[in-house]
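Notes follow the structure.
Values in this text are rule-based calculations from the coordinates and carry no lab data. Keep in mind it's a predicted model, so treat the numbers as computed, not measured. For neighbour counting, all protein chains shown are included, and Cβ atoms are generated from backbone atoms with ideal geometry for every residue, glycine included.
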Amino acid sequence: MRIAAMVLLLSMTCAKAPSTPSPTASQTPVAPTSGPRVVLPDHTIVAVEIAADEETRAQGLMYRDQLRPNAGMLFFFPEEGEYPFWMKNTRIPLDMIWIDSNRKIVHVAHDVPPCQIEDCPSYPPNAKARYVLEVAAGVAKQHGLKDGDVLQFVQTEDVVAR
């Protein structure tokens, strides 16, 4: 009787599926809790590098082979204006999001392809902007970003555009 009970207990223990985290839980990137970041309307947090001077803005995301999930670059300009962007020496496709002084999206360029030639096309916003957010291609669509959406900037108060 005692052996039968142990066999039953052992078979129940072995039959139980091992506990594993759900695939979505293990694939969800950890949201940054410090440093400059942009909060999208759906509350997604994007950790951003800041490009606030001519040299850094000119370099942008050139020569990068990848961009971490929930990461991007936020370009600051001294004043609102029409700032066309290009993809010269950029190796990964990007979404470019032009944002006005009130942090409102004024234009989104989706899935802009990399450019390795000398004469790369320029992508104008046809709208005045003060900031441009570059993220991996598909992020704008994934989060439903569109003209008129308002973004939040966190820990960017001390940035001075030159």
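Of the chymotrypsin sites (Phe, Trp or Tyr not before Pro) found in the range 28-119, those that fall in a DSSP loop while having at most 11 other beta-carbon atoms within 10 Å are 63.
All other residues whose Cβ lies under 15 angstrom from that of residue 47 are scored, Lys and Arg at +1 and Asp and Glu at -1, for a net of +1.
Electrostatic tally near residue 101: other residues with Cβ closer than 11 Å to its Cβ, Lys and Arg +1, Asp and Glu -1, net +1. Per-residue packing, averaged as other Cβ atoms within 10 Å, sorts the ranges 102-110, 45-53 into the order 45-53, 102-110, beginning with the highest.
3J(HN,Hα) along the range 147-152: 3, x, 5, 10, 9, 9 Hz, from the Karplus curve 6.51 cos²θ - 1.76 cosθ + 1.60 with θ = phi - 60°, whole Hz, x for Gly and Pro.
Provide the net charge surrounding residue 75, with neighbours chosen by a C-beta distance below 9 Å and charges set as Lys +1, Arg +1, Asp -1, Glu -1. Net of charged neighbours comes to 0.
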